[in-house]
Amino acid sequence: MQNKKNILSIRNLKKTYHTKRGETKAVDTFSFNLLDGEFVALVGPSGCGKSTILSILCGLEEKSGGTVSFEEDITYGYMLQQDSLFEWKTILENCLLGLEITGSLNDETKQYVIDLLNTYGLGDFIDSYPSNLSGGMRQRVALIRTLATKPDILLLDEPFSALDYQTRLAVSDDVFRILKKEHKSAIMVTHDLSEAISMADRVIVLSQRPCTIKNIYEIQMTGKSNPIENRKCKEFASYYDRIWKDLDLHV
Ligand code: ADP
Ligand code: MG
């Protein structure tokens, strides 16, 4: 990873929410660089400010301080916990939505989406409706919809937490392969340590709110391959223990 270029630099990011009931400090001096093609996982206690960081990156929220700089004209794709597919639209129509909204729907971009659907096993469901698909397939559709606009960086906010355990393992493996094959960089928020360690190149551990970086782990495992296999690597448990201790959850 060392000789890869930076595509995103975040320096001293701060965020305070102002509401009628007062101020909530959500993020405090958060800094890191994302490398091209890198998969970074953010883990931290519930309510510590993880979603806030992603919302700032994709422009849904204003930052209160710090800088966010890009190498070039970086675009983001945002994928949420709920697949938020429209039930009354077909799979293809759902996947074309981002292109419609950004005014970039044409024969070529439409064909790109159809190719993605075919490549990732959804070719037979192009004219189906979301209710005919399993949870795992729906999440794959949501990912293809996010990829349709060819974003440089994917922001994934607990993308698998609505799925049952078995599906979750299969879908995380699936999403990982798709992102690697399409050469995407990604920042994924998760509270599942195993998911973070098995998928990420680096795991960033956040403190309690307002979040700062507590520790960063470069995940290096012997025989590292795909998420399901990575869980069996001998270094896995030791990463898990160290990150668990960092989280310092008082339960
Ligand atoms: P996480 O994703 O880590 O669970 P969030 O980033 O969603 O945490 O929230 C961090 C803190 O900011 C929480 O205390 C939350 O209540 C608060 N917060 C989040 N969004 C808003 C908002 N739009 N207005 C006010 N407070 C908010
Ligand atoms: Mg959140």
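General observations
- Fewest-first sequence of Asp36, Asp152 by Cβ atoms within 10 Å of each Cβ: Asp36, Asp152
- Once the gyration tensor of the Cα atoms in segment 1-109 is diagonalised, the equivalent ellipsoid follows with semi-axes of 29, 21, 14 Å, ordered largest first.
- Taking a straight Cα-Cα cut-off under 20 Å and skipping sequence neighbours fewer than 8 places away in the same chain, the aspartates and glutamates within cross-link reach of Lys89 are Glu100, Asp107, Asp115, Asp124, Asp127.
- Low-density loop positions, chymotrypsin sites (Phe, Trp or Tyr not before Pro), segment 10-63 - DSSP coil, at most 15 other Cβ in 10 Å: none
- 25 Å Cα-Cα reach of Lys20 towards lysines, excluding residues that sit fewer than 8 places from it in its own chain: Lys50, Lys63
- Among the listed pairs Lys180/Lys224; Lys5/Lys184; Lys15/Lys245; Lys180/Lys214, those beyond 20 Å (Cα-Cα): Lys15/Lys245; Lys180/Lys214
- Cα point-scatterer Debye curve for segment 82-151, base-10 log of I(q)/I(0) at q = 0.25 Å⁻¹: -1.13
- Debye intensity ratio I(q)/I(0), log10, segment 79-226, q values 0.22 Å⁻¹ (C-alpha model): -1.46
- Between Asp248 and Arg177, the modelled label-to-label distance comes to 4.1 nm, taking each label 7 Å out from Cα in the direction of the beta carbon.
- Full-extension gain in nm, Gln220 to Tyr240, via 0.36 nm per residue minus C-alpha separation: 5.9 nm
- Taking label positions 7 Å along the Cα-Cβ direction at both Asp192 and Lys150, the computed distance is 3.2 nm, reported to one decimal.
- Residues with amide H under 5 Å from that of Tyr78, placed H, sequence gap 5 or more: Leu155
- Neighbour net charge for Met79 - beta-carbon separation under 15 angstrom, K R +1, D E -1: 0
- Taken over the chain, the convex hull of the Cα atoms encloses 148 Å³ per residue.
- Computed E for Lys5/Thr75 - FRET, C-beta separation, R0 25 angstrom, nearest 0.05: 0.90
Every number in this text was worked out from the coordinates using simple rules, so none of it is lab data. Keep in mind the model is a prediction, meaning the values are calculated, not measured. We place every Cβ from the backbone using ideal geometry, glycine too, and count neighbours over all the protein chains shown.
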